[in-house]
Amino acid sequence: MAPAIDKAQLVARLRELLEADLQLITQGQLEAQAGATHQEAKAEGDKDMRSTETSYLARGLAKRVSELRASIAQLSSFRPRSFDGDSPLGLGALVRVENDEGETSSYFLSPSGGGITVALAADKVLVVTPSSPIGRALIGRQAGDEVELATPQGQRTLCIATVV
């Protein structure tokens with residue numbers, strides 16, 4: 001793992017990505033709400049569900065907006081700590097693992113933003129949360145440990161190469 005990765009910068013970039021998503025989804029929510037109440041969305045018969053379906057979409061987008069706001073707030077106060085080789089992994093750990101084929105991947109254990117890949121310099125880091133399968137497998141482990149992970153391709157063994 002390149003020591004050049006600044007975890008505070010990684011968290012800031014993750015927040016920027018979530019804020020961009022929030023902006024897009026908020027716009028979509030507003031459009032869906034307008035569509036649900038628009039004159040042309042009125043039912044033309046008892047089987048016409050356009051306004052109902054549009055309101056379901058608006059409600060789902062409103063829920064996602066709320067989740068994104070909570071994630072951004074969480075990341076705004078999150079300060080990742082440093083880990084050494086003997087520290088058990090927890091929130092804020094930047095981890096490089098090696099799989100059975102010798103390929104390496106980098107993960108950042110974050111309180112939110114799971115599933116987002118953050119590119120910093122030449123590194124790409126996948127954000128995982130403690131509730132994700134990878135996060136659950138890594139929490140509490142140390143550098144040098146091997147973890148078993150069930151994937152759609154079958155059982156995989158990952159070796160924790162470095163932790164920062």
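On inspection, Ala43 fails the criterion of being outside the structural domain of Leu120 (by TED's automatic domain parsing), assigned to a helix (DSSP H, G or I) and either more than 30 Å from Val163 (Cβ to Cβ) or at pLDDT 80 or above (or both). Listed conditions (1) surrounded by 15 or more Cβ atoms within 10 Å (Cβ to Cβ); (2) closer than 20 Å to Leu17 by Cα; (3) not assigned by TED's automatic domain parsing to the domain that holds Leu17 are all met by Ala122, apart from (1). If the requirement is being more than 30 Å from Gln23 (Cβ to Cβ) and either touching a Ser or Thr at 6+ places or on another chain (Cβ under 7 Å) or surrounded by 12 or more Cβ atoms within 10 Å (Cβ to Cβ) (or both), which of these qualifies: Glu53, Glu103, Glu146, Glu67? So the residue among Glu53, Glu103, Glu146, Glu67 that is more than 30 Å from Gln23 (Cβ to Cβ) and either touching a Ser or Thr at 6+ places or on another chain (Cβ under 7 Å) or surrounded by 12 or more Cβ atoms within 10 Å (Cβ to Cβ) (or both) is Glu146. A single entry from Val127, Val164, Val95 fulfils the requirement of being touching a residue at least 40 places away in the same chain (Cβ under 8 Å), closer than 30 Å to Ala32 by Cβ and surrounded by 12 or more Cβ atoms within 10 Å (Cβ to Cβ): Val127. Taking the listed residues Arg141, Arg69, the one that is in the same structural domain as Leu30 (by TED's automatic domain parsing), in contact (Cβ under 8 Å) with a residue 40 or more places away in the chain and not in a strand (DSSP E or B) is Arg69, with no other qualifying. Out of curiosity, is Leu149 over 25 Å from Leu68 (Cβ atoms) and free of Cβ contacts under 8 Å to residues at least 60 places away in the same chain? Yes. Given the criteria in contact (Cβ under 8 Å) with a residue 24 or more places away in the chain, farther than 18 Å from Ile5 by Cβ and polar (S, T, N, Q), does Ser106 qualify? Judged against the criteria, Ser106 is not a match. If you take the residues in the stretch 72-99 that are assigned to a loop (DSSP other than H, G, I, E, B) and among the acidic types (Asp, Glu), which one is nearest to Ile25 (Cα to Cα)? Residue satisfying both the conditions and the ranking: Asp84. For the stretch 148-159, taking the residues that are touching a Leu at 6+ places or on another chain (Cβ under 7 Å) and of a type outside the set (D, E, K, R), the one that is nearest to Ser87 (Cα to Cα) is identified as Leu158.
The values are calculated or read from the model by the stated rules, or taken from the named source; none is laboratory data. Treat the numbers as computed from the prediction; the structure is a model and nothing was measured. When we count neighbours, we look across all protein chains shown, and the Cβ atoms used for this are built from the backbone with ideal geometry, even at glycine.
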